[in-house]
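So the structure is just underneath, and the comments pick up after that.
The values are calculated or read from the model by the stated rules, or taken from the named source; none is laboratory data. Here the structure is a predicted model, which is why all the values come from computation and not from measurement. Ideal geometry is used to build each Cβ from the backbone, glycine not excepted, and the neighbour counts take in all protein chains shown. Surface areas here come from the heavy atoms of the whole protein model, side chains and all, with no ligands, DNA or RNA. Shrake-Rupley method; radii C 1.70, N 1.55, O 1.52, S 1.80 Å.
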Amino acid sequence: MAQSDRNRKALVLGAGGFIGSHLVSRLKKEGYWVRGVDLKQPDFSKSEADEFIVGDLRDQALCREAIDQKFDEVYQLAADMGGAGFIFSGDNDAEIMHNSGLINLNVVERCKVEGVGRLFYSSSACIYPEHNQLDPDNPNCAEESAYPANPDSEYGWEKLFSERLFLSHHRNHGMEVRIARFHNIFGPMGTWCGGREKAPAAMCRKVAEAEEGGEIEIWGDGKQTRSFLYIDECLEGVRRLMQSDFVGPVNIGSDEMVTINALAELAMDVADKKLSIRHIEGPLGVRGRNSDNQLISEKLGWKPTQPLRDGIASTYSWIEDCVTAAKP
Ligand code: NAD
């Protein structure tokens, strides 16, 4: 732990969520005093935060209570979030824009008033234009390709709006903001069932639940491509960005691109199960997406390198335990 990090105060908004709860643990390990805020406590572990406020960041009064001092670092991760089934169905568009927009407007205002040290904002790969992600073998997600903007979801549009909200406060009010665009973060203690889970967790669950020789279902033809970043590497990127002079936005993602079929095969391989794949209709998102890591390498002298297989192995083992525990 660096001497200068001793007793530094951090605020994690969205501390009851997947990335937020892991971030709280990481900051505690680094010696920070941490306050967490969320609508709920973490689902799968007890928060390690020194203080935890359960409340709604859409509410200005709650925001005043949560951001009541000059924190050294604020991490804004709270958002109305979900897996592909939630974001891309279209049924939740108004909620997503309204809820996340309000949270970000409230948070930036309070951080400005209190003069917080540094403010991190988690944007998303979902801001990249749909037309650059039609070829599954060659998607373009370089940071500068974000404009002219054409995200394929309202979730992406809200993230883009909020990036600009934070950047304009950096320009006009000198606020020290740092912005990352996360690309499919996964790992243990993330949502693994119920419809809001992402592809790696869904795949691990399906494989863990299937009987040897059985089958699992995949949305679409499985030829759509993605990359997936393990939670520990995501947090390493966030911490490095916060300690750097670079404002961003910068991708924090893996550049090990795989098809969804290959992801399923990987989960089967890790589980040592042979299953067949049945392709069914479902919400898909863009055809191809991969993290472009040129800018992060250039600005931070670092990029994620852990093989996907290692992350899937730890995640599978945790989800397999959850599946076993959930059996009657
Ligand atoms: P998550 O859903 O697990 O965490 C978000 C948290 O925000 C939840 O615990 C939720 O309760 C909380 N929240 C929502 N509305 C709130 C409100 N009104 N007041 C207080 N808390 C509220 O999601 P996550 O995967 O941990 O993602 C964290 C951030 O990173 C989000 O902003 C998300 O958009 C962004 N992101 C995540 C990924 C990913 O792959 N996980 C990818 C791109 C961007």
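What the table shows:
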quantity	calculated
Filtered residues of the range 47-85 (kept if modelled with pLDDT under 95 and assigned to a loop (DSSP other than H, G, I, E, B))	Asp80, Met81, Gly82, Gly83
Boolean, Tyr128 is closer than 18 Å to Gly248 by Cβ and within 21 Å of the chain's Cα centre (by Cα)	yes
Residue tally, condition part of a helix (DSSP H, G or I), more than 16 Å from the ligand (Cβ to nearest atom) and not acidic (Asp, Glu), over the range 142-178	8
Candidate set: the range 268-291, residues that are out of contact with any Cys (no Cβ under 7 Å at 6 or more places or on another chain) and small (Gly, Ala, Ser); chosen: the one nearest to Pro151 (Cα to Cα)	Gly285
Which numbered condition Phe186 misses (of (1) open to solvent by 20 Å² or more (accessible area, probe 1.4 Å); (2) within 12 Å of the ligand (Cβ to nearest atom))	(1)
Filter result for Val37 (away from the ligand (no atom under 13 Å from the Cβ), in the same structural domain as Cys234 (by TED's automatic domain parsing), open to solvent by less than 30 Å² (accessible area, probe 1.4 Å) and in contact (Cβ under 8 Å) with a residue 24 or more places away in the chain)	no
Residue within the range 208-225 that is within 16 Å of the ligand (Cβ to nearest atom), in contact with a Phe, Trp or Tyr (Cβ under 9 Å, 6 or more places away or on another chain), open to solvent by less than 20 Å² (accessible area, probe 1.4 Å) and touching a residue at least 24 places away in the same chain (Cβ under 8 Å) present	no
Residue match in the range 290-308 (condition: touching a strand residue (DSSP E or B) at 6+ places or on another chain (Cβ under 6 Å) and in a helix (DSSP H, G or I))	yes
When residues of the range 54-65 are limited to those that are of a type in the set (A, V, I, L, M, F, W, C) and open to solvent by 20 Å² or more (accessible area, probe 1.4 Å), the one nearest to the ligand (Cβ to nearest atom)	Val54
Residue check, Ala201 within 16 Å of the ligand (Cβ to nearest atom) and closer than 19 Å to Val270 by Cα	yes
Failed item, numbered, when Phe246 is tested on (1) outside any helix (DSSP H, G or I); (2) within 12 Å of the ligand (Cβ to nearest atom)	(2)
Only listed residue being at negative phi, open to solvent by less than 10 Å² (accessible area, probe 1.4 Å) and touching a residue at least 12 places away in the same chain (Cβ under 8 Å), chosen from Arg118, Arg178	Arg178
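Each row is one residue, and each column tells you yes or no for (1) more than 30 Å from Val12 (Cβ to Cβ); (2) touching a Pro at 6+ places or on another chain (Cβ under 7 Å).
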| site | (1), (2) |
| --- | --- |
| Asp245 | no, no |
| Gly248 | no, no |
| Ser254 | no, yes |
| Val258 | yes, no |
| Gly282 | yes, no |
